[in-house]
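Enquirer: Encoded as C-alpha coordinates, here's the structure I'll be asking about.
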Amino acid sequence: MVSTPILALDAVSQAYLSRDGSEVRALDDVSLDVSVGEFVAIVGPSGCGKSTALRLIAGLDPITRGAIRIAGRPGAEGRDRVGMVFQKATLLHWLTIEKNVLLPVRVRKGRPEAADVAAAKALLDMVGLGQFGGKHPQELSGGMQQRAAICRALIQDPDILLMDEPFGALDAMTREEMCFELLRIWEARRKTIVFVTHSIPEAVLLSDRVVVMTPRPGRIADIVPIDLPRPRSVASMHDRAFQTATDRIRRSIYGHDGTADRPTL
(Lines give C-alpha, C1' and ligand atoms only; values in the text may rest on other atoms or scores of the structure.)
Protein backbone atom coordinates (compact mmCIF):
# COMPACT_ATOMS: atom_id res chain seq x y z
CA MET A 1 0.00 0.00 0.00
CA VAL A 2 1.46 3.37 -1.06
CA SER A 3 1.21 6.06 1.60
CA THR A 4 -0.30 9.45 0.76
CA PRO A 5 2.41 12.12 0.37
CA ILE A 6 2.17 14.88 2.93
CA LEU A 7 2.60 17.43 0.12
CA ALA A 8 1.57 17.01 -3.51
CA LEU A 9 1.80 19.49 -6.37
CA ASP A 10 -0.28 18.37 -9.34
CA ALA A 11 0.41 20.14 -12.66
CA VAL A 12 0.77 23.48 -10.90
CA SER A 13 1.18 26.56 -13.08
CA GLN A 14 1.40 30.21 -12.12
CA ALA A 15 1.15 33.31 -14.31
CA TYR A 16 0.84 36.98 -13.54
CA LEU A 17 0.38 40.20 -15.49
CA SER A 18 3.33 42.56 -15.87
CA ARG A 19 2.94 46.34 -15.80
CA ASP A 20 2.50 46.48 -19.56
CA GLY A 21 -0.36 43.98 -19.35
CA SER A 22 1.52 41.03 -20.83
CA GLU A 23 1.35 37.61 -19.17
CA VAL A 24 4.46 36.26 -17.45
CA ARG A 25 4.55 32.56 -16.65
CA ALA A 26 6.49 31.84 -13.47
CA LEU A 27 5.75 28.10 -13.19
CA ASP A 28 4.53 25.65 -15.79
CA ASP A 29 3.07 22.19 -15.12
CA VAL A 30 5.03 21.39 -11.94
CA SER A 31 4.18 18.07 -10.27
CA LEU A 32 5.96 16.86 -7.15
CA ASP A 33 5.21 14.54 -4.22
CA VAL A 34 6.98 14.99 -0.88
CA SER A 35 6.92 12.29 1.78
CA VAL A 36 6.51 12.71 5.52
CA GLY A 37 9.80 13.73 7.14
CA GLU A 38 11.57 14.25 3.82
CA PHE A 39 14.03 17.10 3.24
CA VAL A 40 13.65 18.39 -0.33
CA ALA A 41 15.73 21.24 -1.75
CA ILE A 42 14.82 23.27 -4.84
CA VAL A 43 17.54 24.88 -6.95
CA GLY A 44 17.60 26.64 -10.30
CA PRO A 45 18.44 29.90 -12.07
CA SER A 46 17.23 33.22 -10.66
CA GLY A 47 13.63 33.88 -11.64
CA CYS A 48 12.78 30.23 -12.26
CA GLY A 49 9.87 30.18 -9.82
CA LYS A 50 11.49 28.55 -6.77
CA SER A 51 10.13 31.10 -4.30
CA THR A 52 6.84 31.26 -6.20
CA ALA A 53 6.36 27.54 -5.56
CA LEU A 54 6.79 28.04 -1.82
CA ARG A 55 4.38 30.99 -1.80
CA LEU A 56 1.76 28.87 -3.57
CA ILE A 57 2.18 26.05 -1.04
CA ALA A 58 1.89 28.53 1.83
CA GLY A 59 -1.22 30.09 0.32
CA LEU A 60 0.37 33.52 -0.06
CA ASP A 61 -0.40 33.62 -3.81
CA PRO A 62 -3.25 32.05 -5.82
CA ILE A 63 -2.63 29.15 -8.21
CA THR A 64 -3.36 29.82 -11.89
CA ARG A 65 -3.79 26.14 -12.80
CA GLY A 66 -3.36 22.78 -11.11
CA ALA A 67 -3.79 21.76 -7.49
CA ILE A 68 -1.87 21.48 -4.24
CA ARG A 69 -2.78 18.92 -1.59
CA ILE A 70 -1.51 18.83 1.98
CA ALA A 71 -1.95 15.49 3.76
CA GLY A 72 -4.46 14.52 1.08
CA ARG A 73 -6.61 17.61 1.52
CA PRO A 74 -6.88 20.67 -0.74
CA GLY A 75 -4.12 23.13 0.11
CA ALA A 76 -6.47 25.76 1.54
CA GLU A 77 -7.66 23.23 4.14
CA GLY A 78 -4.18 22.24 5.24
CA ARG A 79 -2.37 25.57 5.46
CA ASP A 80 -2.48 25.49 9.27
CA ARG A 81 -0.03 22.58 8.98
CA VAL A 82 2.57 24.73 7.20
CA GLY A 83 5.24 27.07 8.67
CA MET A 84 7.49 29.35 6.63
CA VAL A 85 10.93 30.90 7.09
CA PHE A 86 11.90 33.77 4.77
CA GLN A 87 15.31 34.98 3.61
CA LYS A 88 15.29 37.73 6.22
CA ALA A 89 14.31 36.99 9.79
CA THR A 90 11.67 39.80 9.76
CA LEU A 91 11.52 39.94 13.54
CA LEU A 92 9.65 42.85 15.13
CA HIS A 93 12.32 45.05 16.70
CA TRP A 94 10.08 46.29 19.54
CA LEU A 95 9.35 42.75 20.78
CA THR A 96 11.71 40.50 22.69
CA ILE A 97 12.96 37.34 21.00
CA GLU A 98 10.59 35.19 23.06
CA LYS A 99 7.62 37.39 22.16
CA ASN A 100 8.63 37.28 18.48
CA VAL A 101 8.61 33.48 18.64
CA LEU A 102 5.16 33.57 20.26
CA LEU A 103 3.73 36.01 17.72
CA PRO A 104 1.91 33.36 15.60
CA VAL A 105 0.26 32.08 18.78
CA ARG A 106 -0.86 35.61 19.69
CA VAL A 107 -2.33 36.07 16.21
CA ARG A 108 -4.25 32.79 16.46
CA LYS A 109 -5.28 32.78 20.13
CA GLY A 110 -4.98 36.38 21.26
CA ARG A 111 -2.94 35.40 24.29
CA PRO A 112 -0.40 32.60 24.75
CA GLU A 113 -1.07 29.99 27.38
CA ALA A 114 1.53 28.68 29.81
CA ALA A 115 2.12 25.67 27.54
CA ASP A 116 2.84 28.00 24.61
CA VAL A 117 5.40 29.97 26.62
CA ALA A 118 7.03 26.71 27.72
CA ALA A 119 7.15 25.54 24.08
CA ALA A 120 8.81 28.82 23.02
CA LYS A 121 11.43 28.48 25.73
CA ALA A 122 12.09 24.87 24.73
CA LEU A 123 12.56 25.86 21.07
CA LEU A 124 14.95 28.67 22.02
CA ASP A 125 16.90 26.23 24.18
CA MET A 126 17.06 23.79 21.25
CA VAL A 127 18.70 26.38 18.98
CA GLY A 128 21.05 27.73 21.65
CA LEU A 129 19.12 30.93 22.36
CA GLY A 130 17.76 30.00 25.76
CA GLN A 131 19.56 32.91 27.43
CA PHE A 132 18.45 35.43 24.79
CA GLY A 133 14.66 35.23 25.05
CA GLY A 134 14.51 38.61 26.81
CA LYS A 135 16.77 40.34 24.26
CA HIS A 136 15.56 42.33 21.26
CA PRO A 137 16.43 41.39 17.65
CA GLN A 138 18.91 44.25 17.19
CA GLU A 139 20.97 42.80 20.06
CA LEU A 140 21.52 39.52 18.18
CA SER A 141 23.67 38.59 15.21
CA GLY A 142 22.12 37.71 11.84
CA GLY A 143 22.53 33.99 12.44
CA MET A 144 20.94 34.22 15.87
CA GLN A 145 18.01 36.18 14.45
CA GLN A 146 17.45 33.50 11.82
CA ARG A 147 17.48 30.83 14.53
CA ALA A 148 14.74 32.80 16.27
CA ALA A 149 12.80 32.98 12.99
CA ILE A 150 13.00 29.18 12.68
CA CYS A 151 11.64 28.88 16.22
CA ARG A 152 8.78 31.21 15.30
CA ALA A 153 7.93 28.97 12.33
CA LEU A 154 8.01 25.87 14.56
CA ILE A 155 6.02 27.25 17.52
CA GLN A 156 2.69 25.92 16.19
CA ASP A 157 4.27 22.53 15.45
CA PRO A 158 3.66 22.52 11.67
CA ASP A 159 4.00 19.30 9.70
CA ILE A 160 5.72 21.08 6.80
CA LEU A 161 8.42 23.75 7.06
CA LEU A 162 8.97 25.93 3.99
CA MET A 163 12.31 27.75 3.86
CA ASP A 164 12.91 30.41 1.21
CA GLU A 165 16.67 31.00 0.99
CA PRO A 166 16.82 31.39 4.77
CA PHE A 167 20.63 31.77 4.85
CA GLY A 168 21.02 33.91 1.74
CA ALA A 169 21.64 37.14 3.66
CA LEU A 170 24.30 35.64 5.95
CA ASP A 171 28.07 35.73 5.53
CA ALA A 172 29.73 32.54 4.28
CA MET A 173 30.94 31.25 7.66
CA THR A 174 27.62 31.92 9.41
CA ARG A 175 25.78 30.34 6.49
CA GLU A 176 27.78 27.12 6.79
CA GLU A 177 27.22 27.10 10.55
CA MET A 178 23.48 27.54 10.02
CA CYS A 179 23.38 24.63 7.57
CA PHE A 180 24.67 22.26 10.23
CA GLU A 181 22.38 23.87 12.81
CA LEU A 182 19.41 23.20 10.53
CA LEU A 183 20.51 19.59 10.07
CA ARG A 184 20.61 19.23 13.85
CA ILE A 185 17.11 20.74 14.20
CA TRP A 186 15.79 18.48 11.44
CA GLU A 187 17.26 15.40 13.10
CA ALA A 188 15.59 16.42 16.38
CA ARG A 189 12.17 17.36 14.97
CA ARG A 190 11.95 15.41 11.69
CA LYS A 191 9.71 17.96 10.04
CA THR A 192 9.05 17.74 6.32
CA ILE A 193 11.17 20.55 4.83
CA VAL A 194 11.04 22.17 1.41
CA PHE A 195 14.12 24.37 1.11
CA VAL A 196 14.86 26.89 -1.65
CA THR A 197 18.48 27.86 -2.25
CA HIS A 198 20.83 29.16 -4.95
CA SER A 199 23.69 27.08 -3.52
CA ILE A 200 24.08 23.65 -5.10
CA PRO A 201 26.49 22.34 -2.39
CA GLU A 202 24.09 23.58 0.31
CA ALA A 203 21.19 21.75 -1.33
CA VAL A 204 23.14 18.50 -1.58
CA LEU A 205 24.48 18.69 1.98
CA LEU A 206 21.03 19.19 3.49
CA SER A 207 18.54 17.22 1.46
CA ASP A 208 17.24 13.78 0.59
CA ARG A 209 16.35 14.92 -2.95
CA VAL A 210 17.19 18.02 -4.97
CA VAL A 211 14.60 19.36 -7.42
CA VAL A 212 16.30 21.19 -10.32
CA MET A 213 14.24 23.85 -12.09
CA THR A 214 14.55 25.19 -15.63
CA PRO A 215 14.73 28.91 -16.45
CA ARG A 216 11.36 30.69 -16.49
CA PRO A 217 8.77 29.40 -16.93
CA GLY A 218 9.94 27.07 -14.19
CA ARG A 219 9.56 23.38 -14.92
CA ILE A 220 11.23 20.44 -13.21
CA ALA A 221 14.35 19.57 -15.20
CA ASP A 222 15.60 16.81 -12.89
CA ILE A 223 15.09 15.30 -9.44
CA VAL A 224 18.38 14.14 -7.95
CA PRO A 225 18.40 11.64 -5.06
CA ILE A 226 21.18 12.34 -2.55
CA ASP A 227 22.90 9.13 -1.53
CA LEU A 228 24.77 10.47 1.49
CA PRO A 229 24.52 8.77 4.88
CA ARG A 230 23.09 10.71 7.82
CA PRO A 231 23.93 12.37 10.12
CA ARG A 232 25.99 14.60 7.85
CA SER A 233 29.10 16.60 8.64
CA VAL A 234 31.85 18.56 6.95
CA ALA A 235 33.30 15.20 5.88
CA SER A 236 30.12 14.57 3.85
CA MET A 237 31.22 17.26 1.39
CA HIS A 238 34.27 15.16 0.51
CA ASP A 239 32.22 12.03 -0.16
CA ARG A 240 32.20 10.82 -3.76
CA ALA A 241 28.39 10.77 -3.70
CA PHE A 242 28.42 14.50 -2.83
CA GLN A 243 30.55 15.35 -5.85
CA THR A 244 28.49 13.08 -8.12
CA ALA A 245 25.27 14.81 -7.08
CA THR A 246 26.63 18.36 -7.39
CA ASP A 247 28.06 17.60 -10.84
CA ARG A 248 24.75 16.14 -12.04
CA ILE A 249 22.86 19.22 -10.83
CA ARG A 250 25.33 21.57 -12.53
CA ARG A 251 25.01 19.67 -15.79
CA SER A 252 21.25 19.98 -15.55
CA ILE A 253 21.43 23.75 -14.97
CA TYR A 254 24.50 24.83 -16.95
CA GLY A 255 25.04 22.01 -19.43
CA HIS A 256 28.46 21.15 -17.96
CA ASP A 257 29.81 20.00 -14.60
CA GLY A 258 31.09 23.40 -13.46
CA THR A 259 34.35 21.99 -12.14
CA ALA A 260 36.21 25.17 -13.14
CA ASP A 261 34.02 27.37 -10.96
CA ARG A 262 32.79 25.05 -8.24
CA PRO A 263 31.11 27.28 -5.61
CA THR A 264 31.35 27.01 -1.87
CA LEU A 265 28.39 27.00 0.45
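The values are calculated or read from the model by the stated rules, or taken from the named source; none is laboratory data. The structure displayed is predicted, hence computed values, not measured ones. Because the Cβ atoms are built from the backbone with ideal geometry, glycine has one as well, and the counts that use them run over all protein chains shown. These area figures cover heavy atoms from the full protein model, side chains too; ligands, DNA and RNA do not enter into them. Shrake-Rupley method; radii C 1.70, N 1.55, O 1.52, S 1.80 Å.
Enquirer: For M163, state whether it is open to solvent by less than 20 Å² (accessible area, probe 1.4 Å), touching a helix residue (DSSP H, G or I) at 6+ places or on another chain (Cβ under 9 Å) and either of a type outside the set (S, T, Y) or closer than 23 Å to R25 by Cα (or both).
Expert: So M163 fits the description; yes.
Enquirer: The conditions are (1) open to solvent by less than 60 Å² (accessible area, probe 1.4 Å); (2) closer than 26 Å to Q146 by Cα; (3) of a type outside the set (V, I, T); (4) not in a helix (DSSP H, G or I), and P201 fails exactly one of them. Which is it?
Expert: Going through the list (1) open to solvent by less than 60 Å² (accessible area, probe 1.4 Å); (2) closer than 26 Å to Q146 by Cα; (3) of a type outside the set (V, I, T); (4) not in a helix (DSSP H, G or I), P201 breaks only (4).
Enquirer: For the stretch 239-265, what are the residues that are modelled with pLDDT under 95, more than 20 Å from the chain's Cα centre (by Cα) and open to solvent by 70 Å² or more (accessible area, probe 1.4 Å)?
Expert: Y254, H256, T259, A260, D261, R262
Enquirer: Something else about it: Filter the stretch 153-183 down to residues that are under 20 Å from V36 (Cβ atoms) and either among the acidic types (D, E) or assigned to a helix (DSSP H, G or I) (or both), then give me how many there are.
Expert: Residues that pass the stated criteria total 6.
Here's the yes/no breakdown for (1) under 20 Å from the mean Cα position of the chain (by Cα); (2) within 30 Å of G142 (Cα to Cα); (3) surrounded by 15 or more Cβ atoms within 10 Å (Cβ to Cβ):
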site: T4; (1), (2), (3): no, no, no
site: Q14; (1), (2), (3): yes, no, yes
site: V40; (1), (2), (3): yes, yes, yes
site: T52; (1), (2), (3): yes, yes, yes
site: R69; (1), (2), (3): yes, no, yes
site: A89; (1), (2), (3): yes, yes, yes
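Enquirer: Still on this structure, I have one more. In the stretch 61-120, what count of residues is obtained for those that are in contact with a Lys or Arg (Cβ under 7 Å, 6 or more places away or on another chain) and of a type in the set (G, A, S)?
Expert: Number of matching residues: 2.
Enquirer: Would you check which residues across the stretch 79-108 are within 19 Å of V40 (Cα to Cα), touching a residue at least 24 places away in the same chain (Cβ under 8 Å) and not β-branched (V, I, T) and list them?
Expert: R81, G83, M84, F86, Q87
Here is a yes/no grid of residues against (1) of a type in the set (D, E); (2) free of Cβ contacts under 8 Å to residues at least 12 places away in the same chain; (3) within 23 Å of I42 (Cβ to Cβ); (4) touching a His at 6+ places or on another chain (Cβ under 8 Å):
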position	(1), (2), (3), (4)
H136	no, no, no, yes
G168	no, no, yes, yes
E187	yes, no, yes, no
K191	no, no, yes, no
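Enquirer: Also: Consider A153 carefully, then state whether it is under 15 Å from the mean Cα position of the chain (by Cα), on the phi < 0 side of the Ramachandran plot and open to solvent by less than 40 Å² (accessible area, probe 1.4 Å).
Expert: yes
Enquirer: Against the conditions (1) basic (K, R); (2) in a loop (DSSP other than H, G, I, E, B); (3) out of contact with any strand residue (DSSP E or B) (no Cβ under 8 Å at 6 or more places or on another chain), where does R216 fall short? Just the number, please.
Expert: All conditions are met except number (3).
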